[in-house]
1. Restricting to strands (runs of 3 or more DSSP E) lying wholly in the range 59-107: which have 1 or more residues that are out of contact with any Cys (no Cβ under 6 Å at 6 or more places or on another chain) and over 19 Å from residue 31 (Cβ atoms)?
2. Out of 68, 80, I need the residue that is surrounded by 12 or more Cβ atoms within 10 Å (Cβ to Cβ), at pLDDT 75 or above, charged (D, E, K, R) and within 23 Å of residue 108 (Cβ to Cβ). Which one?
3. Does residue 113 qualify as being at pLDDT below 90 and part of a helix (DSSP H, G or I)?
4. I'd like to verify a number: residues in the range 2-20 that are in contact with an Asp or Glu (Cβ under 7 Å, 6 or more places away or on another chain) and modelled with pLDDT under 90, how many?
5. Among what's in the range 26-63 and is at pLDDT below 75 and surrounded by 10 or more Cβ atoms within 10 Å (Cβ to Cβ), pick the residue that is farthest from residue 80 (Cα to Cα).
6. For the range 16-25: of the residues being loosely packed, with under 13 Cβ neighbours inside 10 Å and of a type in the set (A, V, I, L, M), which is farthest from residue 67 (Cα to Cα)?
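The values are calculated or read from the model by the stated rules, or taken from the named source; none is laboratory data. The structure presented is a predicted model; accordingly, all values stated were derived computationally and were not measured. Backbone-built Cβ (ideal geometry, glycine too); neighbour counts: all protein chains shown.
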Amino acid sequence: MRVSLEPPGDGEAVVIANLELAEVDGYQLEFRDAPFTSHFLSMRLQCRSDYPYKKDTHISADDLGNLEYDLLSLVKQTDEFGVDFWNGRYYRLRWDGQAIVGTAVAVDMNLPASKARAGRG
């Protein structure tokens, strides 16, 4: 299953990862390198952010939380410099037939970011 970001309107979807669902209730998520590039001392519009707490890959029809945590990201406007952890993006996921659909929600990433910087998890 492809994981893609779809802009509002008529923009083209960008495939960012492949998702493989296990027979029981787990998953494996593998991000693609192509849509992401490294920029020294700079972040471009959106970047992935690792979830710093221990979690597993268990999901169910009613709970896609672990997968939501794997899709956390930080965003910024084109005229901003640096990273502001309060400007996070969380995708609230739900099943829509055989597809999983997400709605982007703004979230403050300061607490998870501080935990990650402290090396605890």
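1. On the way: elements: 73-75, 88-96, 99-107.
Counting at least 1 such residues, we get 88-96, 99-107.
2. Working: 80 fails: at pLDDT 75 or above.
After ruling out the rest, the residue left standing is 68.
3. Numbers: at pLDDT below 90: yes; part of a helix (DSSP H, G or I): yes.
So residue 113 fits the description; yes.
4. Residues of the range 2-20 that are in contact with an Asp or Glu (Cβ under 7 Å, 6 or more places away or on another chain), as a first pass: 13, 17-18.
Now drop any that are not modelled with pLDDT under 90, which leaves 13.
Residues that pass the stated criteria total 1.
5. Here is the first cut: in the range 26-63, the ones at pLDDT below 75 are 34-46.
Adding the requirement that they be surrounded by 10 or more Cβ atoms within 10 Å (Cβ to Cβ) leaves 35-36, 42-46.
Values: 35: 21, 36: 19, 42: 10, 43: 9, 44: 10, 45: 9, 46: 12 Å.
If we take residues in the range 26-63 being at pLDDT below 75 and surrounded by 10 or more Cβ atoms within 10 Å (Cβ to Cβ), then 35 is farthest from residue 80 (Cα to Cα).
6. Of the range 16-25, the ones loosely packed, with under 13 Cβ neighbours inside 10 Å are 20, 22-24.
Still in the list and also of a type in the set (A, V, I, L, M): 22, 24.
Working: 22: 13, 24: 15 Å.
This residue is 24.
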